[in-house]
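Read the structure below first, then the notes.
Rule-based calculations on the coordinates, nothing more; no lab input. Model, not experiment: these values are computed from the prediction. With ideal geometry, Cβ positions are generated from the backbone for all residues, glycine too; neighbour counts draw on all protein chains shown.
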Amino acid sequence: MNRETRVNLLLLVLLLAVPFVADALGQTFTVTLVTRIAILALAAVGLNIALGLGGLVSFGHAAFFGIGGYAAGILASHAMSGEPMLFGFEGSAQMPVIWIVAMLAAGLVSLAIGVISLRTSGVYFIMITLAFAQMVYYFAISWPAYGGEDGLSITLRNGFPGLNTMRPTEFFLVCFGVLAVALVLSALLSASRFGAALQAARQNEVRLASIGIAPMPIRLTAFVLSAMITAVAGALYADLNRFVSPSMLSWHMSGELIVLVILGGTGRLMGPVAGAALFVLLEFWLGGITERWQFFLGLILLVTVLFARGGVIGLFAGKERHG
Amino acid sequence: MLLDVHDIQTFYGGSQALFGVHLKMDEGEVVALMGRNGMGKSTTIKSICNLTPPKAGRISFGGQPTDRQPPHKVARLGIGLVPEGRRCFPNLTVYENLVAAARPGRWTLERVNDLFPRLAERRDQLARSLSGGEQQMLAVGRALMTNPRLLILDEATEGLAPVIRLDIWRAIRALKADGLSILVVDKTLSELLPVADRCVVLENGRNAWEGRPDALTAELQDRYLGV
């Protein structure tokens, strides 16, 4: 077992153990904090596929995060009111159904966004993904049926078969389970032939074409997969807060997701988890000391980008195998 | 005919590099593309692969015209390029470099590993950590994994240690014996001439001479290739 695997396992064990210890000590707030870490990590695992492996700096992943959130909010509100929605669908308060809807919706939207924005690269790609995300954001704001600017409350956290999701530790387990599945998926993906081609496309597009592989379909697939994972995180985030608002769709959120990936270690399997953990803990501790905690976050990010390109994972597990 | 390059003219922006180059290759043939630096060898290769599409003239491969096809489509017709300067994917492992390129056919990972046993030893190393010669072997192996009908080697032995050069040339001879068509650009005439069936010499972006390697006299070599 190499060092990175050991660091990764340690992180996962910590993430899994802390909520239960905290719960036993009666510190429910800590459970919520760790749940938040797991959910943001999941969103970043999604982004990491596009950004880390594919080199696609998407500044619009908040759109998919928010679409997931709204999928949870809208389906739950219809299930609550009993009012049928599109095609007579009654809504649902079951997480698995919500996740599937979230993935389908984000998949379709990301397919459309990807087909257009992947024709560009570099700074244009960043700007065009931002522009699309802003379109979704303003759409949500101006759509009064689901709260518009005020957002949408989820009265009762959506359920998961066999678990009581209103209990913090059980809801945490759901989030942790989804995160674990996404991590396995992400590891399999990066080790696969598809993953090799995706990384090759990042390193040199022309060279990839000269061995007979078109970069576009590979990038598009990665972009859509990435969006779908982030959407599930969005649905869980809505359930965590029992509230969805357009702020989930805002460009701040997109930026935050990029920060998570870079802090943790771009392209590293557990980078998103480490990044999310650091981010949430800083937000909590520094936020308790000063209102201007983001200033210090900025400093840390600066130091990471300048001196520790491998992020937190790079610091503890050494140089990356993939770069 | 496998490859037919007819009267192509290629430009880099406003400056013209090729002024009507012709090149024909049959199946199983090894052709040496020669000429001094800057005479259009690499440009001809880039034109064949449509990396720098020609503005005039036509190219067909296996009877199919390649104009207006994106580079990956041309590659899929069966052209395996080993570009100048050992271009591997530096941050992928040897194994990943090879399998990413793979298309079904006679060339498999096992056969590439037989040809270059060093690649098998270095399977899980990053390409960027390989020596220059090993990277070149990897670049050749990667091109073979696409199961090409035509292998193009652009300066495949340039800047390599003499011992490694011998390995690469041994591989090239083995590929020729195997019946593969190869278009090769190289400066080591002592190795190149024995393996080539035909030589094509370019000068200032035009065909200057063409013939069998034994007809390329010392005088002609001095005239077209000397510095």
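Structural remarks
- Note on region B:3-224: the C-alpha convex hull projects to 11.7 nm² when averaged across all orientations.
- Relative contact order of region A:1-117, taken over Cα pairs closer than 8 Å and 6 or more residues apart, is 15 percent.
- Charge sum, other residues only, whose C-beta stays under 12 Å from A:Ser247's C-beta, Lys/Arg counted +1 and Asp/Glu -1: -3
- Ordering A:Leu299, A:Ala209, A:Phe29 by the projection of their Cα atoms onto the charge dipole of chain A, which places +1 on the Cβ of Lys and Arg and -1 on the Cβ of Asp and Glu, puts A:Ala209 at the extreme positive end.
- Computed from point charges on the beta carbon alone (+1 for Lys and Arg, -1 for Asp and Glu), the dipole magnitude for the protein assembly as shown about its Cα centre is near 600 Debye.
- Taking the average, over residues, of other Cβ atoms within 10 Å as the packing measure, peptides A:132-139, B:48-55, B:101-108, A:227-234 rank A:227-234, B:48-55, A:132-139, B:101-108 from highest down.
- The mean sequence distance of close C-alpha pairs (under 8 Å, at least 6 residues apart), as a share of the length of chain A, puts its relative contact order at 33 percent.
- Taking a ≥ b ≥ c as the square roots of the eigenvalues of the Cα gyration tensor, region B:175-224 is classed as prolate, since a/c reaches at least 1.5 and a/b is larger than b/c.
- Peptide-level mean, for B:91-104, of C-beta atoms on other protein chains within 10 Å: 5
- Cβ charges +1 (Lys, Arg) and -1 (Asp, Glu), total dipole of region B:3-224, debye: 560
- Only Cα sites of the protein assembly as shown enter the Debye sum here, all with the same form factor; the resulting log10 I(q)/I(0) across q = 0.11, 0.12 1/Å is -0.96, -1.06, listed in q order.
- Measuring between their Cα centroids, region A:181-232 and region A:82-108 lie 28 Å from each other.
- Two-site label geometry, B:Gln64 and A:Val184: point separation in nm, points 7 Å out along Cα→Cβ: 4.1
- Under Karplus coefficients 6.51, -1.76 and 1.60, residue-wise ³J(HN,Hα) of region B:114-128 in Hz, glycine/proline x: 5, 5, 10, x, 4, 5, 5, 5, 9, 2, 9, 7, 5, 4, 6
- Take every Cα pair under 8 Å whose residues are at least 6 apart in sequence, average their separation, divide by the length of chain B, and the relative contact order is 28 percent.
- Legend: calculated FRET efficiency, B:Phe19 to A:Trp251, from the Cβ-Cβ distance at R0 = 45 Å, rounded to 0.05, equals 0.30.
- Selected from B:Val200, B:Ala100, B:Gly40, residue furthest toward positive end of dipole (region B:3-224; charges at beta carbon): B:Ala100
- Beta bridges assigned by DSSP with both partners in the protein assembly as shown are antiparallel in approximately 60 percent of cases.
- What the Cα atoms of region A:3-257 give is an Rg and a Dmax of 18.7, 60 Å.
- Amide proton proximity set for A:Leu152, modelled H, under 5 Å, gap of 5+: A:Val244, A:Ser245
- Peptide B:145-151 - average C-beta neighbours from other chains (10 Å radius): 1
- Note on region A:3-257: with charges restricted to the Cβ of Lys and Arg (+1) and Asp and Glu (-1), its dipole about the Cα centre is near 760 debye.
- When only alpha carbons are used to place a centre, region B:188-227 and region B:13-74 end up 18 Å from one another.
- In order along region A:283-290, the phi-based Karplus estimate (6.51 cos²θ - 1.76 cosθ + 1.60, θ = phi - 60°) of 3J(HN,Hα) comes to 4, 6, 6, 5, x, x, 8, 9 Hz; Gly and Pro are listed as x.
- FRET efficiency, A:Asn2 to B:Val163 (Cβ-Cβ, R0 30 Å, nearest 0.05): 0.40
- Ranking A:Leu10, B:Ile182, A:Gly88 by how far each Cα lies toward the positive end of the dipole of the protein assembly as shown (charges on Cβ) leaves B:Ile182 at the top.
- Annotation for region B:114-160: trypsin sites (Lys or Arg not before Pro) lying in DSSP loop with at most 14 further Cβ atoms inside 10 Å of their Cβ are B:Arg123.
- Whichever lysines have a C-alpha closer than 26 Å to that of B:Lys55, once near sequence neighbours (fewer than 8 apart) are set aside: B:Lys24, B:Lys41, B:Lys46, B:Lys73
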